[in-house]
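For reference, the structure is listed below as structure tokens.
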Amino acid sequence: MTTDMPFPSHTPDVNANLTEVYKRLTAACNEAGRARDEITLIAVTKTVPPEIIRQGLEAGLRVFGENRVQETKAKWPELRKDYPDCAVHLIGPLQTNKAKEALMLFDVIETVDREKLAAALAREIEKGAPSRPVYVQVNIGEEPQKAGICPREAVGFAALCRQQYHLNVIGMMCIPPVSEPPAPYFALLTKLAREAGLPRISMGMSGDYDIAAQLGATHIRVGSALFGQRT
Ligand SMILES: *Cc1c(COP(=O)(O)O)cnc(C)c1O
């Protein structure tokens, strides 16, 4: 299934890229007075074939992000056999009819973005699917085309997920608008997560993870800086 995936023909040097990412992350932490180990690097492996993911695993990466249920099902069961201690986060949109599959496949679901999905997850957990830690996805820039709870409803929605649906909500995640400086959006997500009493904050991608780290991220999601441009 991986052979038809678009991917650059040259092989990325994951080890060298990882060293670069750690370097930039450490510099950002130093500047912000944060400890480097407060931040977990989530290696985003959507469209990345297993043989390249293995380079990341060999380099020590253990936390990964994927955005599709089907692709994860095709790649990760095999990889997990060799690396049972790795964790895969769902960072893409989830349809309610795939709630059960997602709970079976992923260790963390970062994209709880509507009540209907919270209800579907709760129903499957009640029926025996494993309960997983979840994050509330916030549409931090209030963009009409983007998924997520709008900022002014995010704290209340996290409480609803906990109280009414008994979900194990542990964090918030966001994807800020692409064409604007991300800093104010990162700062807002951190404020909302603190207000909601949630310890985890997932924000920052290849272009801006250092800024996210300075503004409170506990998890950064980095793909192309590690594995090369997706085509
Ligand atoms: C693809 C993706 C990333 C990683 O993006 P890069 O710019 O390649 O680092 C992070 N978060 C989400 C939700 C994504 O879909």
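Tabulated data
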read-out	value
Value at 222 nm in deg cm²/dmol, rounded to 500, when DSSP H runs of n ≥ 4 in the chain each add -39,500 (n - 2.57)	-12500 deg cm²/dmol
Cβ-Cβ FRET estimate between residue 36 and residue 82, R0 fixed at 41 Å, reported to 0.05	0.90
With DNA, RNA and ligands ignored, accessible area of residue 215 (1.4 Å probe; Å², nearest 10)	60 Å²
Nitroxide proxy distance, nm - points 7 Å out along Cα→Cβ at residue 127 and residue 147	2.0 nm
Other-chain or far-sequence residues with amide H under 5 Å of residue 47's (modelled H)	none
Inter-site label distance for residue 19 and residue 62 at 7 Å from Cα along Cβ, in nm	2.3 nm
Residue-normalised accessible area of the chain, given per residue in Å² at a 1.4 Å probe	46 Å²
Spatially close lysines, pair count over segment 47-173: Cα under 26 Å, gap of eight or more or interchain	18
Accessible surface of residue 13 - all protein chains present, 1.4 Å probe, nearest 10 Å²	90 Å²
Under 25 Å from residue 23, Cα to Cα: lysines that are on another chain or at least 8 residues apart	46
Fraction of accessible area attributable to carbon and sulfur, the chain (%, probe 1.4 Å)	50 percent
For the chain: Kirkwood Rh in Å [reciprocal of mean 1/r, alpha carbons]	17.9 Å
Residue-span extension gain [residue 116 to residue 194] - 0.36 nm each, minus C-alpha spacing	25.6 nm
10 Å-binned pair-distance histogram of segment 122-218 (Cα, whole percent)	17, 47, 27, 9, 0
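The values are calculated or read from the model by the stated rules, or taken from the named source; none is laboratory data. Given the structure is predicted, the values throughout are model-derived calculations rather than measurements. FYI the Cβ positions are ideal-geometry reconstructions off the backbone, even for glycines, and counts take in every protein chain you see. Keep in mind that these areas ignore ligands, DNA and RNA; they rest on the heavy atoms of the full protein, side chains included. Shrake-Rupley method; radii C 1.70, N 1.55, O 1.52, S 1.80 Å.
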